[in-house]
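Asks: Take this structure first; my questions come after.
The values are calculated or read from the model by the stated rules, or taken from the named source; none is laboratory data. Small disclaimer: the values here were computed from a predicted structure and weren't measured. Neighbour counts run over all protein chains shown; Cβ positions are idealised from the backbone, glycine included. Calculation scope for accessible area: heavy atoms of the full protein, side chains included, ligands and nucleic acids excluded. Shrake-Rupley method; radii C 1.70, N 1.55, O 1.52, S 1.80 Å.
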Amino acid sequence: MVFQMQPYGIQSMLKEGHRHLSGLDEAVLKNIDACKQLSVITRTSLGPNGMNKMVINHLDKLFITNDAATIVNELEVQHPAAKILVLAGKAQQEEIGDGANLTISFAGELLENAEELIRMGLHPSEIISGYTKGIDKTVEILNELVESGSENMDVRNKDEVILRMRAAVASKQFGLEDILCPLIAEACIQVCPKNPANFNVDNVRVAKLLGGGLHNCSVLRGLVLKSDVVGSIKQIEKAKIAVFAGGVDTSATETKGTVLIQSAEQLENYAKTEEAKVEELIKAVADSGAKVIVSGAAVGEMALHFCERYKIMVLKISSKFELRRFCRTTGAVALLKLSQPNPDELGYAYSISVEEIGGVRVTIVKNEEGGNTVATVVLRGSTDSILDDLERAVDDGVNTYKAMCRDSRIVPGAAATEIELARKLKEFSFKETGLDQYAIAKFAESFEMVPKTLAENAGLNAMEIISSLYAEHAAGNTKVGIDLQEGVCKDVSTTNVWDLYVTKFFALKYAADAACTVLRVDQIIMAKQAGGPKRDPAAGMDED
Amino acid sequence: MTTMLQPQIILLKEGTDTSQGKAQLVSNINACTVVADAVRTTLGPRGMDKLIHDDKGNTTISNDGATIMKLLDIVHPASKVLVDIAKSQDSEVGDGTTTVVLLAGEFLKEAKPFIEDGVHPQNLIRSYRTASYLAINRIKELAVSIEGKSLEEKKGLLAKCAATTLSSKLIGGEKEFFASMVVDAVIAIGNDDRLNLIGIKKVPGGNMRDSFLVNGVAFKKTFSYAGFEQQPKKFLSPKILLLNIELELKSEKENAEIRLSDPLQYQSIVDAEWNIIYDKLDKCVQSGAKIVLSRLAIGDLATQYFADRDIFCAGRVTEEDLQRVAAATGGTVQTTVNNIVDEVLGSCEVFEEKQVGNERFNIFSGCPSALTATIVLRGGADQFIEEAERSLHDAIMIVRRALKNSTVVAGGGAIDMEISRYLRQHARTIAGKSQLFINSYAKALEVIPRQLSDNAGFDATDVLNKLRQKHALPSGEGALYGVDINTGGILDSFANFVWEPSVVKINAINAATEAACLILSVDETVKNPKSESAQGEAAASAMGRGRGGAAFRGRGRGMRRR
């Protein structure tokens, strides 16, 4: 309080406690600095050899991952400018489901290079216009780099799917992609609808079961429920299924009521009529041909008793989403009330059985024959963190499948595309006359971040790799990228590393947009946080 | 006043703790090594036990790796991974939990010097993965199948596996006795192997040798009412009725209310209530059952009613036991006494109530479907029986796995030495850094025989050298040699029946490698501050301190206010 003086200028307009930063030094460079810090965190996770981060979130849950979307999500980034990068990453994650790391790291690199330009004396607006031209040109060049013949693909051909999925999965679980990709591809192809564009990511489920190892993973046509069946019938085949969302029990009134009994007979018969009623209901279900009852809520003991009597298997699925998926798998219609179902409301499953996997009893609902809409990838691993990370890899793979259903074009991976973009863009920049020439050149230079990081993460000499990449590309071998396994430059068509065009397109676009947005800011005004200052009991005592 | 100062760049929330780089990795490795050291001494037949005293005042004595890891209450994020793999080994195989932690710890320890020397962790990870792949294939090659043997022979073989597991436990002295018991129990439950069909009942008192196996179900006598003493306590091939209802005089429904206009009717209502219960009891008797069990209470009225008709009854049987009785006797649990048909009744050859220690036990034996078994454990102290139960659980799991996968390998560190030798040999064929890493992986595997002899008080270096020499024999005859825990030398483990199911080793190596790779692949740790609820307490204590400071002229408090 000693520092306190009469407010002036903008200070006088705003409430006490706000923060106000403006100008190149205070706002722009600080923002860039924050974004740089963020991208430094994510950068080391880029690519197949990227390192994992151990993030412990505010609920004390441990994440060990190299998935950038998860990392930034759990990091709880506070800085407003850095948040823009996080949002760009999230947008990418939602649009494509993969490539979030490329977005954030590339945006960070763009901003880092912008800082140099600012220090050189360029005005941010010139940089922005240069970057905008840069990204426009990039998109043009990217179009030229698309592998010819890749725009037509059969989304049901496993080999073609795996070819496009490999890079995405390998960047999450390097060395395991040969095991994971076929599994993911198989699951995706199984549930792919007639019109591939309608592919629903939710139809590929992941069941994580602790224990075993990756080689125990498998794909199941149908669902895996992590619970046991309720009754004693544990296995059934070729069964019709009745689904009741409201629970299987004697119906009770919602309103509080009392049963009035007036005579002794009534009292004696009370229990009997109730029993008879339940039996009648269960019998009606059994008569309809259903062999399995699925309940969305509690199963009454009385009802269970009669189900056993009529040899009906009883399953309880308390999650509404799970129940909906179950209905989708079996084609059943969920009935609200326990009553006799119509034949067309019954579902069908090839087999339902309870199996023990890794000490956990799970119910497996299979539907081998056609019309199957849900597939499950059963993942096995020795720790929860590994399983979570595998799940993210599968998610990325499935999202890639979704993306390739819409646009199957591919570009060379393993940094071959980036180097080519950098080279072509640099040539283009020389033709520009204005000051934005510098910005475009820097934009081109930013692409070098990708091979540099890939090489660094793999423990290789980055400068050597980049220079040899440039040499190869200049010689006309535009498909030469880094082979991380051997640490040399190789034609990607021999190593089969391809990226989806859309992934790259959106990642670069979002990154450039985010970078421009951050650069455009010249003032930050932060209002005082609502709720007043933190409670401080010592406040009164100071007045001495 | 903060506006006056140059604002700091705050990227993350206040209180977030980040660490990164080599130092962070090394500290993670150190944390894991510490955890591995904690369980190190429990490995093997001569391993020592740990006494763990938890915050609730419970004392546990155990040498089961998974139990110890669970009770240790580890908070370090990296070490938590080790707890996870111990758990996973426990659920997947049941035994070898100490092994898995020890291996993971050793892999990391071997990796540490390389990390410190600046090797990129990814190189290490790749080599470790290759090594584990090779090791697992080698185990599969070496495994001996016990498929296609007669039941008797198989039993003997399974008992050997169980004995190997049990030898490292508290009840190792009686391993043959328990091993055959465990094998009988597992064979009894047959193909539908649900673990909860094997019951383990603990009765303090007596000695270990007094433990016995019931080929059926046994449970402690439940709480009983007057009249119970008059009931017969032994039946030969009785019918058994299993119920899930209360046989007691009580209101039918909570929400039913009786309103009477005529006081004369009152007696009729009372009679009606009695009628209802008598009706129920009557139906039970008419079903022909000689034994009535219920999950809920059987009141004194019912107890006496049954006693008059020479029927045995027990109320408040635990759900678990009732399910086991149902599985064993072939009956089903009924929720109503109306129309009880014969097929829902169970039966068994002999039922009797027996004195075990100072408890009375209800024992059903000679059951038709015989899908259950119960082991009644006797022993001195509570902790002792607890540990014995855990050991038996491990042995049961091992036998189940051996039955399912039916391949075994030589124990006593023999298989570990053999893989180690194999990997070293393989490493020589590799050019490049990988050679070093696979070599160190091979070295890490030697920790098992080393620790076995260390724990037994032998000179580990001496034993290891002998073993290495044997395993290196070009004829390959030494491949089955392991540590001889009795003499301190080496012996052919396989010929001496120190056997382990191969799945235990495969899973252990797999899990340990995965965990080690996971920890090596972390290059940054970020710890976010806990959310409001969790922080409440921390803030309160900080506040208390703050106030204490404020009493001294309230210095320092001004800084905290915005």
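Asks: Given the conditions (1) within 28 Å of the chain's Cα centre (by Cα); (2) open to solvent by 50 Å² or more (accessible area, probe 1.4 Å), which single one is not true for B:ALA395?
Replies: Exception for B:ALA395: condition (2).
Asks: Output the qualifying pairs, or none if there are none: Cβ atoms under 9 angstrom, residues six or more apart or on different chains, first residue in the stretch B:349-371 and farther than 23 Å from B:ASN207 by Cβ and free of Cβ contacts under 8 Å to residues at least 40 places away in the same chain, second residue acidic (Asp, Glu) and open to solvent by 50 Å² or more (accessible area, probe 1.4 Å).
Replies: B:PRO368/B:GLU349
Asks: Another question, then. Taking B:GLU352, is it more than 13 Å from B:THR222 (Cα to Cα) and within 14 Å of another protein chain (Cβ to nearest Cβ)?
Replies: For B:GLU352, the condition - more than 13 Å from B:THR222 (Cα to Cα) and within 14 Å of another protein chain (Cβ to nearest Cβ) - is not met.
Asks: If you check A:ASN73, A:ASN57, A:ASN31, which single one turns out to be surrounded by 24 or more Cβ atoms within 10 Å (Cβ to Cβ) and within 14 Å of another protein chain (Cβ to nearest Cβ)?
Replies: When all the criteria are applied, what remains is A:ASN31.
Asks: Taking the stretch A:177-203 only, how many residues are in contact (Cβ under 8 Å) with a residue 24 or more places away in the chain and closer than 23 Å to A:ALA507 by Cβ?
Replies: Result for the stretch A:177-203: 9.
Asks: Cβ-Cβ distance below 9 Å, separation of 6 or more or different chains: which pairs start in the stretch B:230-242 with a residue that is at positive phi and end on one that is among the acidic types (Asp, Glu) and surrounded by fewer than 20 Cβ atoms within 10 Å (Cβ to Cβ)?
Replies: That search, which allows pairs on different chains as well, returns B:SER237/B:GLU349.
Asks: Select from the stretch A:80-108 the residues that are open to solvent by less than 20 Å² (accessible area, probe 1.4 Å) and either farther than 19 Å from A:ALA167 by Cα or among the β-branched types (Val, Ile, Thr) (or both) and list them in ascending order.
Replies: Residues satisfying the conditions are A:ALA81, A:ALA82, A:LEU85, A:VAL86, A:ALA88, A:ILE96, A:THR103, A:ILE104, A:ALA107, A:GLY108.
Asks: Turning to a different aspect of this structure: If you go through the stretch B:53-67 one residue at a time, how many are open to solvent by less than 60 Å² (accessible area, probe 1.4 Å), over 13 Å from B:GLU386 (Cα atoms) and in a strand (DSSP E or B)?
Replies: Looking only at that region, the number is 0.
Asks: For the stretch A:269-303, which residues satisfy the criterion of being free of Cβ contacts under 8 Å to residues at least 24 places away in the same chain and open to solvent by 60 Å² or more (accessible area, probe 1.4 Å)?
Replies: If the condition is that a residue be free of Cβ contacts under 8 Å to residues at least 24 places away in the same chain and open to solvent by 60 Å² or more (accessible area, probe 1.4 Å), then A:ASN269, A:LYS272, A:THR273, A:GLU280, A:GLU301 are the ones that fit.
Asks: Something else about it: State which residue pairs qualify: first residue among the hydroxyl-bearing types (Ser, Thr, Tyr) and inside the stretch B:475-498, second residue assigned to a helix (DSSP H, G or I) in any location, beta carbons under 7 Å apart, and separation of 6 or more residues or different chains.
Replies: Matching pairs, first to second residue: B:TYR481/B:ALA414; B:TYR481/B:LEU467; B:TYR481/B:LYS470; B:TYR481/B:HIS471; B:SER493/B:ALA414; B:SER493/B:LEU480.
Asks: Among (1) within 14 Å of chain B (Cβ to nearest Cβ); (2) modelled with pLDDT under 85, there is one condition A:VAL518 misses while meeting the rest; what is its number?
Replies: Failing condition for A:VAL518: (2).
Asks: Still on this structure, I have one more. Which pairs do you get when a residue that is facing chain A (nearest Cβ under 10 Å) and within 17 Å of B:VAL214 (Cβ to Cβ), found in the stretch B:321-348, comes within reach of a residue that is at pLDDT 80 or above and open to solvent by 10 Å² or more (accessible area, probe 1.4 Å), reach meaning Cβ atoms under 7 angstrom, with the pair 6+ apart or on two chains?
Replies: B:ALA326/B:THR332; B:ALA326/B:VAL333
Asks: Looking at the stretch A:247-268 only, could you name the residues that are open to solvent by 50 Å² or more (accessible area, probe 1.4 Å) and either at positive phi or not polar (S, T, N, Q) (or both)?
Replies: If the condition is that a residue be open to solvent by 50 Å² or more (accessible area, probe 1.4 Å) and either at positive phi or not polar (S, T, N, Q) (or both), then A:ASP249, A:ALA252, A:GLU254, A:LYS256, A:LEU260, A:GLU265, A:GLU268 are the ones that fit.
Asks: With in a loop (DSSP other than H, G, I, E, B), open to solvent by 40 Å² or more (accessible area, probe 1.4 Å) and either closer than 30 Å to A:SER493 by Cβ or within 13 Å of another protein chain (Cβ to nearest Cβ) (or both) as the only criterion, which of A:VAL230, A:VAL155 stands out?
Replies: Step by step, each of A:VAL230, A:VAL155 is checked, and only A:VAL230 is in a loop (DSSP other than H, G, I, E, B), open to solvent by 40 Å² or more (accessible area, probe 1.4 Å) and either closer than 30 Å to A:SER493 by Cβ or within 13 Å of another protein chain (Cβ to nearest Cβ) (or both).
Asks: Working carefully through the options A:ILE282, A:ILE236, find the one that is under 42 Å from the mean Cα position of the chain (by Cα) and either assigned to a loop (DSSP other than H, G, I, E, B) or under 14 Å from A:CYS307 (Cβ atoms) (or both).
Replies: A:ILE236
Asks: Listed residues A:VAL360, A:VAL411; which is in contact with a helix residue (DSSP H, G or I) (Cβ under 8 Å, 6 or more places away or on another chain), surrounded by fewer than 19 Cβ atoms within 10 Å (Cβ to Cβ) and either more than 30 Å from A:HIS215 (Cα to Cα) or within 14 Å of chain B (Cβ to nearest Cβ) (or both)?
Replies: On inspection, the qualifying residue turns out to be A:VAL360.
Asks: Which residues, taken from the stretch A:438-460, are open to solvent by 10 Å² or more (accessible area, probe 1.4 Å), within 19 Å of A:ASP491 (Cα to Cα) and either at pLDDT below 85 or within 14 Å of chain B (Cβ to nearest Cβ) (or both)?
Replies: Across the stretch A:438-460, the qualifying residues are A:LEU454, A:LEU460.
Asks: If you go through the stretch A:481-504 one residue at a time, do you hit one that is of a type in the set (D, E, K, R), part of a helix (DSSP H, G or I) and in contact with a helix residue (DSSP H, G or I) (Cβ under 8 Å, 6 or more places away or on another chain)?
Replies: yes
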